[in-house]
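Student: Sharing a structure, written as structure tokens. Questions coming.
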Amino acid sequence: MAASVFSEGRQRTVLLSVAALLLATALAATGWMLGRTTLPTELATPSAIENVDVTYQDFDDARTADLAVKLQDSPGLVARGAGLLTGSTCTPGGAILSGGATFILDRVPLLDLATAQPLARTLVMDDRGADVSELQQAFAALGYTGAVDGVVGTRTIAFFNALRRGLVADAPRVDAIDPASIVWMPSSPAEIVTCPISVGSSVEPGATLAELPPAIASLRVGTLPTAVPSAARTLLIDGIVANLEEDGAVDAAAWPKIAATPTFRDYLTDPEKVVLSGSVQLAEPIRVAQVPPSALFGVGDDTACVSDATTVYRGAIVSSERGYTLVDFSDPGPEIVSLLPNPRRQCP
């Protein structure tokens, strides 16, 4: 009897264990199914992106480049006439501006004037020539509103007198512009290195009134960028823009302005050790496409192709930026490119 009771109890225990196991399994399965039905869409496997829109941007290919410089001694600021130096504000380390009067000779101001070339003749009414135009252009930078026509007129003479009397109130009026009344400056401002002649000294024609830093004899970019080799480029130094020749030579017309920049003055402190550099960029930016590298096929040394659903586009690779390849396409370029280009398509 006791054995029968024990056997029945054991059977009930086994049945309860099996039932509990089945219930746990059912609950786990239900939870798994519920989990699958409530999985956030963000965690679902994404579909592959096959095409992307193309973004275009202006590209100037700006990059830093070292410059090769040759220097020559500057002629300095030279007296064109003789007399007694009765006044001077010349200070080593200072600067002279066009339109001022750093030196006064026999109580008459000598006009500091920056022109492309020093005036070589005395100008009187109705004189004509390129030197007159240069003089009028220099006057225009100082406020002259008369015609820049290469002809000496009443307004040209009047402005010259106004400049002189603005510097020294009792400066005598003149009816001609004498080179001896002008101190020629190759550029403005001009940094002063030394002042060889002191007030009270006699001055002879050709005497150096102020010594200036060495001048530029040659200036060129060492190596031009080759990403867009056929495009014209410019050089930018401290806001001064200069045209570049195909061989990298810097336009000589910009030398005086470059010589007056802080960057060039810093270079002059030790030309043997300091490297002069500037930014070289395209004179006219070009329109380029930002293309994911995976969209490119038929890649050559500097060209590649992309495609959309119907067309293959060939372009020139000019650079890379933020994970994109920058490509110059002939207009019109693609608006959409395939990230999985058809391997059977040929790049022309």
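Every number in this text was worked out from the coordinates using simple rules, so none of it is lab data. The model shown is predicted, which means the values in this text are computed figures rather than measured ones. Every residue, glycine among them, receives a Cβ derived from its backbone with ideal geometry; neighbour counts consider all protein chains shown.
Student: Could you state the number of Å between the C-alpha centres of the range 266-300 and the range 208-253?
Tutor: That distance is 15 Å.
Student: Further question on the same structure: For residue 249, list long-range residues whose amide hydrogen, built 1.01 Å from N in the peptide plane, is under 5 Å from its own amide hydrogen.
Tutor: HN-HN under 5 Å from residue 249: 221.
Student: Determine the sum of side-chain charges near residue 265: Lys and Arg each +1, Asp and Glu each -1, restricted to other residues whose C-beta is under 14 angstrom from that of residue 265. Show your work: numbers first, answer last.
Tutor: On the way: positive: 257; negative: 191, 238, 266, 270.
Within the 14 Å Cβ shell, the charges total -3.
Student: If you don't mind, there's one more thing I want to ask. For a footprinting-style exposure proxy, rank 125, 185 by other Cβ within 10 Å, fewest first.
Tutor: Exposure proxy ranking, most exposed first: 125, 185.
Student: Mind giving me the nanometre distance, one decimal, between the label points for residue 272 and residue 126, set 7 Å out from Cα along Cα→Cβ?
Tutor: 6.0 nm
Student: What FRET efficiency comes out for residue 217 versus residue 336 if R0 is 56 angstrom and r is the Cβ-Cβ distance? Round to the nearest 0.05.
Tutor: The calculated FRET efficiency here is 0.55.
Student: When you count, for each residue, the other Cβ atoms within 10 Å and take the mean per peptide, how do 240-252, 103-115 rank with the highest first?
Tutor: Per-residue Cβ counts within 10 Å, averaged per peptide and sorted highest first, yield 103-115, 240-252.
Student: Percent of alpha carbon pairs in the range 85-149 separated by more than 19 Å?
Tutor: That tail contains 43 percent of the Cα-Cα pairs.
Student: Provide the gained length on full extension for the span residue 62 to residue 194, in nm with one decimal, where the gain is 0.36 nm per separating residue minus the Cα-Cα distance.
Tutor: 43.7 nm
Student: Give me the number: length gained by fully extending residue 145 to residue 133, i.e. 0.36 nm times residue separation minus the C-alpha to C-alpha distance, one decimal in nm.
Tutor: 3.0 nm
Student: Reported to two decimal places, what Rg/Rh ratio describes the range 57-200 when computed on Cα atoms with Rh from the Kirkwood expression? Please list the in-between numbers first.
Tutor: Working: Rg = 17.8 Å, Rh = 16.7 Å.
Ratio value, two decimals: 1.06.
Student: How high is the relative contact order of the range 197-257, in percent, with contacts defined as C-alpha pairs under 8 Å that are six or more residues apart?
Tutor: That works out to 27 percent.
Student: For the chain, what relative contact order do you get, as a whole percent, if you take Cα pairs closer than 8 Å and at least 6 residues apart? Before the final figure, lay out the partial values.
Tutor: On the way: 632 pairs, mean separation 77.2, N = 348.
Reported relative contact order: 22 percent.
Student: How much net charge surrounds residue 188 when only other residues with a Cβ under 13 Å from its Cβ are counted (Lys, Arg +1; Asp, Glu -1)?
Tutor: -1
Student: Can you list the residues of the range 268-309 with backbone N under 18 Å from a point 7 Å past the Cα of residue 70, pointing along Cα to Cβ?
Tutor: Taking a point 7 Å out along Cα→Cβ of residue 70, the residues of the range 268-309 whose backbone N falls under 18 Å are 271-272, 276.
Student: If r is the Cβ-Cβ distance from residue 154 to residue 284 and R0 is 35 Å, what FRET efficiency results, to the nearest 0.05?
Tutor: 0.20
Student: Taking 45 Å as R0, compute the FRET efficiency from the Cβ-Cβ separation of residue 230 and residue 86 and round it to 0.05. Before the final figure, lay out each step's value.
Tutor: Details: r = 59 Å, r/R0 = 1.32.
My answer for the efficiency is 0.15.
Student: State, in angstrom, two size descriptors of the chain derived from its alpha carbons: Rg to one decimal place and Dmax to the nearest whole number.
Tutor: Looking at the chain, its Cα Rg and Dmax stand at 39.9, 151 Å.
Student: So for the range 77-210, averaging the separation of alpha carbon pairs under 8 Å that are six or more residues apart and normalising by length, what relative contact order in percent results? Spell out each step's value before the answer.
Tutor: Details: 274 pairs, mean separation 58.6, N = 134.
Answer for the range 77-210 is 44 percent.
Student: Full-extension gain between residue 78 and residue 116, please, as 0.36 nm times their residue separation minus the C-alpha to C-alpha distance.
Tutor: 12.1 nm
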